[in-house]
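Single-structure report; data block below.
Here, each number is a calculation from the coordinates, and none is a lab measurement. Note that this is a predicted model, so its numbers are computed, not measured.
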Amino acid sequence: MEDSPEPQKGRKDTHKYIGKYIGVGIALGVAFGAAVDNIGLGIALGLAIGAAWGQRAKSKGDE
């Protein structure tokens, strides 16, 4: 039997960056949504901004 291939290091690092910033983005989005009385919009914006922020942090880390 062959051992399963090890996960790629780059992929794990990508998830680390993006996951951390998505969490921060959602937290800030919920706070924003509560302030403007629209939680759904806040979560959606927080998710999008957090994912973009995480992707940018990942790409800066690769340089």
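For segment 13-62, what is the convex hull volume of its Cα atoms per residue in Å³?
Enclosed volume per residue, from the Cα hull, is 46 Å³.
In sequence order, what are the phi-derived ³J(HN,Hα) couplings for segment 31-44 according to the Karplus relation 6.51 cos²θ - 1.76 cosθ + 1.60 with θ = phi - 60°, rounded to whole Hz, with x for glycine and proline?
The phi angles translate into 4, 5, x, 5, 5, 9, 6, 8, 4, x, 5, x, 5, 4 Hz.
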